[in-house]
Amino acid sequence: MPPFAGVAGLPAARALVPAAVASAIWYAFLAFAGYELAENWEAVKGVVAGTNRALAVAAVAVAAAAAVWLWRRSRRRQR
């Protein structure tokens, strides 16, 4: 926010209070999110593990589709 306040020509004193309030809200949210993450760590690990498995399956499927597409494309060019 401070760079935009400078571009808009706002004095530093006028931009400082909203920037400080926004920062306080943001860092309070981060602290709260970190606390909740730590409190539910086992559930978070389970969700991340399931997501990793799903992403691995999707990556293998995309790689296989790309390999088939490249193989078919190279066969068409050889003809």
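The values are calculated or read from the model by the stated rules, or taken from the named source; none is laboratory data. Quick caveat: nothing in here was measured; it's all calculated off a predicted structure. Note: ideal-geometry Cβ built from the backbone for every residue, glycine included; neighbour counts use all protein chains shown. Ligands, DNA and RNA are excluded from the accessible area calculation, which covers all protein heavy atoms including side chains. Shrake-Rupley method; radii C 1.70, N 1.55, O 1.52, S 1.80 Å.
Values as computed for the structure displayed
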| quantity | calculated |
| --- | --- |
| Approximate spin-label separation LYS45-LEU10, in nm, with each point projected 7 Å along Cα-to-Cβ | 4.5 nm |
| Length added when fully stretched, SER74-PHE32, from 0.36 nm per residue minus Cα-Cα | 9.7 nm |
| Cα shape, the chain, gyration tensor, a/c 1.5 rule | oblate |
| Per residue, in Å², the accessible surface of the chain once ligands and nucleic acids are set aside, probe 1.4 Å | 86 Å² |
| Folded to 0 to 90 degrees: helix 12-39 orientation relative to the chain principal axis, Cα | 50 degrees |
| Euclidean distance of C-alpha centroids, the stretch 41-55 and the stretch 3-24, integer Å | 40 Å |
| Accessible carbon and sulfur surface of the stretch 13-76 relative to its total accessible area, %, 1.4 Å | 73 percent |
